[in-house]
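The values are calculated or read from the model by the stated rules, or taken from the named source; none is laboratory data. Computed from a predicted structure; not experimentally measured. We work out accessible area using only protein heavy atoms, side chains counted, and drop any ligands, DNA or RNA first. Shrake-Rupley method; radii C 1.70, N 1.55, O 1.52, S 1.80 Å.
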Amino acid sequence: EAGSEPRNESFFVSIAKDVGMDPVRFRRDMLSGACRQHLDADRDIAARVGIVAVPSLTVNGRKTPEVVSMEVLQEIISEELAKVAAMEVDGIAAERIYDDLVADGEVQRPLSEDIFSFTVPATVVGSEQAAHVLTVFGDYQCPYTRALFPNIDLLLAASPEGLAVEFRNFPMPYHGGARIAAEASMEAARQGAFQAFHAGLASLPGDFSMKQLERLARRCKVNLEELRAALKEGRHGGVLDLQIKEARAAGVWSTPSIFVDGHRYLSPDRSFEALLAVLSGK
C-alpha cells in the first residue's frame with residue numbers, strides 16, 4: 001500500500017516494525033547470506049526455464065502467455081480443473097493428482113532456439129580453431145559459478161582441439177567483492193596470467209580484499225603495481241559494464257549462465273557429462 005515511496009532499506013524495516021516484526025532481527029535476516037542464496041536459487045530456476053520478465057505465471061506447470069488476460073487465465077484454469085475432475089472420477093488419490101498432471105510435461109530442451117551474439121571482448125581459453133564456443137557469464141562469489149568452473153576445466157581437457165570457452169563477468173550487485181574480482185581477473189588476463197589467477201579466485205574465501213588479491217597476484221606472477229593501478233583507475237570497468245549490458249540483453253539475470261554456440265543452455269544439469277553430451281550433439 002506504500003505507493004511510490006522509495007524502496008530503500010529503511011523503508012522495508014519500517015514496514016516490518018509496523019506489522020509487529022522485530023526490526024533488528026528483520027534487518028539482520030534480510031541482509032543475511034541465507035536470503036541472498038534463496039534469491040540466487042530463484043533467479044537460477046527462472047533462468048533455466050526461460051523466464052526473463054515478471055510477472056510470469058504457470059498453472060500446473062503450464063506456462064501462460066507473457067501478457068495474459070483474466071479471460072485467458074480463467075480458461076486455462078478451467079481446463080486444468082477439468083483434468084483434475086476427470087482424474088478424481090478415475091479414482092486417482094488427491095495427493096497424487098498434481099504429480100500425475102505434470103509427469104508428462106514437455107521435457108526442457110537443453111538449448112534455446114534463439115541464438116545470441118556477444119561482441120564485447122572476453123577472456124577466451126581453449127582452441128583458436130574450436131568447433132564449439134562455450135560462453136560462461138559468472139560471478140566469482142557465486143557458489144553455483146564456483147561449482148561450475150571445475151566442470152569447465154574437465155571439458156577443456158576432454159576437447160583440446162574442439163572447444164573454446166569465453167569467460168564473461170556478471171557480478172551480482174549484492175556480492176560486494178564480485179566486481180573487484182572480475183576486474184582483477186581481466187587485468188590478470190591482460191598480463192597473460194588468467195588461468196592461474198582465475199583458478200585462485202574461484203577458491204578464495206571472503207569478499208576479495210585487496211590483501212587477498214595481492215597475495216594471489218604474487219603467487220600467479222601478476223605484476224602488482226599494474227594490478228593496483230588497474231583497479232584504482234577502473235581500467236577494465238568500461239568493458240565490464242558492457243559485458244553486463246550485453247548479458248542483460250540476452251536475458252541473463254543470474255549466474256552462472258551458459259551459452260553453447262550462442263544458444264542458451266537451459267538444462268539445470270551443469271555436470272561435466274551433461275555439458276559434454278550437448279557439445280557432442282547427443
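Okay, here's what the table says:
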quantity: Cα pair distances in the chain, grouped into 10 Å bins until the bin that holds the longest one, percent each; calculated: 6, 22, 27, 23, 15, 6, 1, 0
quantity: Long-range Cα-Cα pairs in region 1-72 (distance over 13 Å), rounded percent; calculated: 75
quantity: ILE76, ILE51, ranked by accessible area, largest first (probe 1.4 Å); calculated: ILE51, ILE76
quantity: ARG27 accessible area, 1.4 Å probe, all protein chains in place, Å² to nearest 10; calculated: 110
quantity: Computed over region 204-282, Kirkwood Rh from alpha-carbon pairs, angstrom; calculated: 15.8
quantity: Vicinal HN-Hα couplings computed from phi for region 226-242 (Karplus, 6.51 cos²θ - 1.76 cosθ + 1.60; Hz; Gly/Pro x); calculated: 5, 4, 4, 5, 4, 6, 5, 7, x, 4, 9, x, x, 5, 4, 4, 5
quantity: Solvent accessible area, Å² - LYS17, 1.4 Å probe, full protein context; calculated: 130
quantity: Solvent exposure, largest accessible area first (probe 1.4 Å, DNA, RNA and ligands not counted), of LEU240, LEU39; calculated: LEU39, LEU240
quantity: Whole-Å semi-axes of the ellipsoid equivalent to region 143-200 (Cα gyration tensor, √5λ, descending); calculated: 22, 15, 9
quantity: All-pairs Cα distance distribution in region 144-248, expressed in whole percent, bin size 10 Å; calculated: 14, 46, 33, 6
quantity: Sequence-distant lysines (8 or more away, or on other chains) whose Cα lies within less than 19 Å of LYS83; calculated: LYS63
quantity: Most to least accessible of SER4, SER257, SER14 (protein chains only, probe 1.4 Å); calculated: SER4, SER14, SER257
quantity: Estimated [θ] at 222 nm from DSSP helical runs (n ≥ 4, -39500 (n - 2.57)) normalised by residues in the chain, nearest 500; calculated: -16000 deg cm²/dmol
quantity: Whole-number Å³ per residue for the convex hull built on Cα positions in region 1-147; calculated: 249
quantity: Directionally averaged projected area (convex hull, Cα atoms, region 73-147), nm²; calculated: 10.1
quantity: Share of carbon and sulfur in the accessible heavy-atom surface of the chain [1.4 Å probe, %]; calculated: 55
quantity: Principal axis dimensions, largest first and in whole angstrom, of region 103-157 by Cα; calculated: 41, 27, 24
quantity: Alpha-carbon Debye profile of region 79-216, log10 I(q)/I(0) at 0.12, 0.13, 0.17, 0.20 Å⁻¹; calculated: -0.63, -0.68, -0.93, -1.21
quantity: Accessible area of THR135 in the full protein assembly, 1.4 Å probe (Å², nearest 10); calculated: 10
quantity: For the chain, share of DSSP beta bridges that run antiparallel, in % to the nearest 5; calculated: 65
